[in-house]
Amino acid sequence: MEVRRDTIRFIDGVVEILDQRVLPGKVIYVKCRKADDIFDAISKMKIRGAPAIGIAGAFGVYLGAAASKASDLRGLKREVKKISSYLASSRPTARNLFWALERMENTCLALEAGSKKDVLGRLLAESLKILEEDKAICRAIGEAGNVLIKKGARILTHCNAGSLATGGYGTALGVIARAGKKIKMVYVDETRPVLQGARLTAWELSALGIPATLICDNAAAYLMSQGKIDAVIVGADRIAANGDTANKIGTYSLAVAAKYHDIPFYIAAPASTFDLSIPCGEHIPIEERPGDEVRKVMGKSITLKDMPVLNPAFDVTPRKLITAIITEFGVIERPSAAKIKPRFG
């Protein structure tokens, strides 16, 4: 079995997105021809993972501008700003989406002259550049994190931070992939309620030939108590200026358990995930997902049809529980505002 590393691709004017809702059973690409299609893909989690939705957002700006009736530069700049604002409302937590949209806006604003064709050319080029940069960034994260992995390591990971969550290669799984044969076992949290670990991470690790074992989310602390976990490595959706980190719901619980058991807890994320405008985790917006994600498993109801549900998609891990943040620029040990600002400020 071979993992399709093209999470998102551009072919003949169409953005094709690997539909992660149907993996691993089916490999289906959704064709996006307009900004609305990209919005739908992000909001319905056809594509997910902070870097990946940032890339999708960038292409969404291009598609929206291409469909615009505006023909002069001034009108196109207004349209790009409007499209960017619209796409930003698709999901609120991942910083990478807003970073990519801002980058696309700035690309358009920087133009002082040019036809619609010129503008579209610049926007498409920037979208493709963001995609290709992400692949290189993830490999650099893998290199930086590899030095932290000891021979025979048993790693626990949560959700999916692999090639499917990025433009290719992955963040947390990028570190694991780079470590390769040094790793004895990767324990994969199933990651309720959408099962990204069971469906996506297990699939990727199997294709990479890395030993992996799937566990229930609530088994992680027990494995730690049994001495079966040497390190925890997860991705991130937004990192505040002081190092507080938002990631898939359940990450905070793992960090608390890891701290208690004296196990290193690592975050792997690119610079685009850092949000220096937010001083700490209390200010990170947390997305609330539809209740049916909890009421149902793979479309099958598991509780009362009208059962009230609380379904936050993310939680925030305080910086004091994080051993280090692995970035493309190196490892930030014991993260703090004083350590982060010089690198990304």
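Details
- Exposure proxy order (Cβ contacts within 10 Å, fewest to most) of CYS216, CYS159: CYS216, CYS159
- Calculated mean residue ellipticity at 222 nm for the chain: -12000 deg cm²/dmol, from DSSP H runs with n ≥ 4 weighted as -39500 (n - 2.57), summed, divided by the residue count and rounded to 500.
- Fewest-first ranking of SER253, SER68, SER301, using other Cβ atoms within 10 Å as the exposure measure: SER301, SER253, SER68
- Packing rank of 53-65, 134-146, where each peptide gets the mean count of other beta carbons within 10 Å, highest leading: 53-65, 134-146
- Entries in LYS117/LYS248; LYS129/LYS320; LYS129/LYS339; LYS81/LYS320 that, when Cα-Cα distance is taken, lie over 32 Å: LYS117/LYS248; LYS129/LYS320; LYS81/LYS320
- Isotropic mean projected area of the C-alpha convex hull, region 148-344 (nm²): 11.1 nm²
- In terms of surrounding Cβ atoms within a 10 Å radius of their Cβ, ILE302, ILE233, ILE249 rank from fewest to most as ILE302, ILE249, ILE233.
- Cα pair count fraction exceeding 16 Å, expressed as % - region 9-136: 57 percent
- Peptides 126-133, 306-313 ranked from most to least packed give 126-133, 306-313, packing being the mean of other C-beta atoms within 10 angstrom over each peptide's residues.
Computed from the coordinates by the stated procedures, all read-outs in this text should not be read as laboratory data. It should be emphasised that the depicted structure is a prediction, and the values quoted were computed from it without experimental measurement. We place every Cβ from the backbone using ideal geometry, glycine too, and count neighbours over all the protein chains shown.
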